[in-house]
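First, the structure itself, so that you have it in front of you.
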Amino acid sequence: MKNVTGRVFLISLSVGLLGAAGVAEAAKFSIEAVEVNGTPITPTNNVLVNPGDTIVCEIFASEWSLVDEALLKSWQVQLDSSGYSNVGPGVVRPRGWERPIPKISCLVNEDCPPEYPICLTDLRCTNEYHDPRQGAFIDSYRSDYIFYGLGELKAVDVSTLDYRYGSSLLQTSDCPLYNPPHHKYCGTLILDVDDNACGVFTIGMYDGDSEMRDCPYGFLIEPLELEGLTIDTQLPCDCVVDTFTPENCSIDARQPCNPDGSNTAGWNSATLRFNVGCNAANYDTDDFSVSEEPDSGNTIFVTSVNPIINRTTITFNRRITLGAWTCVTFLPTRYESCFGHLPADVTSDEISAPLDILWVIDCINGDETCKIHQGDVDRSGVTGPPDILRVIDLLNGAGVYDPWLDVLIPACPTEP
């Protein structure tokens, strides 16, 4: 079996057939989804999911060709991590891949240090902070395990995202004899689908780095077929949102109208720019949903779209609500962005307060940077001294304005 370094969690696979001529015949590895969000499903190589789902996958060895006997000495299978991503914004992530558990061997819990107090069935210590079995493991206590009840050395290598699973018998005399149907469990992989994932992902295996060997000679079993897992998010991602204007979590600090009540103003549209090559004309009003936080009770929705090449401007039925977030969701990829209107909140810290007066002054003097929707409070087109007075008007409720002093807006729902 190949040498494996890194955190112990290895992956090695070999099946042996002894026929009249001692020739090893063909075999197969496959990855199958067996559970979605804690609910068992009929094992499949093509699973339909939604963004945010968790998938439990299992690796199987099967389809040995029989001559006289089918004897297995060792096996190894290596995943191809390139399938964890595709053309869309989201990815499929192996559970716990960002915080691998160190290999600490054990026989019982008492063998484990306090920081990793639990001994798992693969004789590895872990703790409750991590997923109990990380997301890549071999449950050798399963009755369908390929080496069930036999003395072996097994591991899963998670030192890279190209996880390797495998095992080798410690004694050739223990080589198991298999009879049809061959469908033996090799290991488990837990995958988390990003909330913004779209399109189809294919989790495959490396040809050449996956192998099975017979017993007792260690001959390669060839050819070895590798059948990957297709994960379909049921969402197209031919068009991905690159930018959204106003920017996510932007707050319009400007006056909602003139002090005498004339010239009502405020955001009533947004512009989305998609990836190069996207035809924005493929989408219409039904591809967008709009919500508020908190809900004002006054329905807001998209009334029209104006696509130009890979951009589209969506227009609402009214201006966004003062003191609330308006959130737009691009339904094909479930992309969401929010923006709000809180008069006098020049700092964009989600509260209108005296500090905003000083912030405008700093912006005028060049000590701070104000975007036009922050510093141009009187909507004159530039940030200047009159904006200082207008912030004071808004805070105190001069003219037709409601007083905005110490008014809060909730935390931005889509804050990164």
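The values are calculated or read from the model by the stated rules, or taken from the named source; none is laboratory data. Being a predicted model, the structure only gives us computed values, none of them experimental. Cβ: placed from backbone, ideal geometry, glycine included. Neighbour counts: every protein chain shown.
Every residue, every condition in (1) over 30 Å from R318 (Cβ atoms); (2) not in a loop (DSSP other than H, G, I, E, B), yes or no:
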{"residue": "I190", "(1), (2)": "yes, yes"}
{"residue": "E211", "(1), (2)": "yes, yes"}
{"residue": "G218", "(1), (2)": "yes, no"}
{"residue": "E225", "(1), (2)": "yes, yes"}
{"residue": "E247", "(1), (2)": "no, no"}
{"residue": "Q255", "(1), (2)": "no, no"}
{"residue": "G261", "(1), (2)": "no, no"}
{"residue": "T271", "(1), (2)": "no, yes"}
{"residue": "C278", "(1), (2)": "no, no"}
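Turning to a different aspect of this structure: Between P343, P332, P236, which is modelled with pLDDT of 95 or more and part of a loop (DSSP other than H, G, I, E, B)?
From the options P343, P332, P236, the qualifying one is P343.
Now a separate question. Being β-branched (V, I, T), closer than 26 Å to A344 by Cβ and within 30 Å of the chain's Cα centre (by Cα) is the filter here; which residues of the stretch 289-322 pass it?
V290, I300
Only one residue in I357, I388, I392 is assigned to a helix (DSSP H, G or I), β-branched (V, I, T) and more than 22 Å from S262 (Cβ to Cβ). Which one?
Result: I357 is the single residue among I357, I388, I392 that is assigned to a helix (DSSP H, G or I), β-branched (V, I, T) and more than 22 Å from S262 (Cβ to Cβ).
Select from the stretch 106-129 the residues that are at pLDDT 75 or above and touching a Phe, Trp or Tyr at 6+ places or on another chain (Cβ under 7 Å) and list them in ascending order.
C125
Taking the conditions exactly as written (assigned by TED's automatic domain parsing to the domain that holds R142, surrounded by 23 or more Cβ atoms within 10 Å (Cβ to Cβ) and acidic (D, E)), does D195 satisfy them or not?
No: the conditions fail for D195.
Please find, within the stretch 228-254, the residue that is farthest from V36 (Cα to Cα) out of those that are of a type in the set (D, E, K, R) and in contact (Cβ under 8 Å) with a residue 40 or more places away in the chain.
Once the filter is applied, the top-ranked residue is R254.
Considering only residues that are surrounded by fewer than 19 Cβ atoms within 10 Å (Cβ to Cβ) and either closer than 12 Å to I138 by Cβ or in contact (Cβ under 8 Å) with a residue 60 or more places away in the chain (or both), which ones fall in the stretch 153-170?
L153, S159, T160, L161, D162 - these are the residues of the stretch 153-170 that are surrounded by fewer than 19 Cβ atoms within 10 Å (Cβ to Cβ) and either closer than 12 Å to I138 by Cβ or in contact (Cβ under 8 Å) with a residue 60 or more places away in the chain (or both).
Still on this structure: Does G277 meet the test of being on the phi > 0 side of the Ramachandran plot and out of contact with any strand residue (DSSP E or B) (no Cβ under 7 Å at 6 or more places or on another chain)? Give the steps one after another, and end with the answer.
Values: on the phi > 0 side of the Ramachandran plot: yes; out of contact with any strand residue (DSSP E or B) (no Cβ under 7 Å at 6 or more places or on another chain): yes.
Yes; evaluated as a whole, the condition is true for this residue.
Next up: For residues that are outside any helix (DSSP H, G or I) and buried (at least 16 other Cβ atoms within 10 Å of the Cβ), scanning just the stretch 360-370, find the one that is nearest to the chain's Cα centre (by Cα).
Only one residue fits best here, namely C370.
Right, something else. When both residues are 6+ apart or on different chains and their Cβ atoms are under 6 Å apart, which pairs have a first residue that lies in the stretch 383-407 and is without any contact (Cβ under 8 Å) to a residue 40 or more places away in the chain, and a second that is among the small types (G, A, S) and assigned to a loop (DSSP other than H, G, I, E, B)?
Going by the 6 Å Cβ cut-off, the qualifying pairs are P403/G397.
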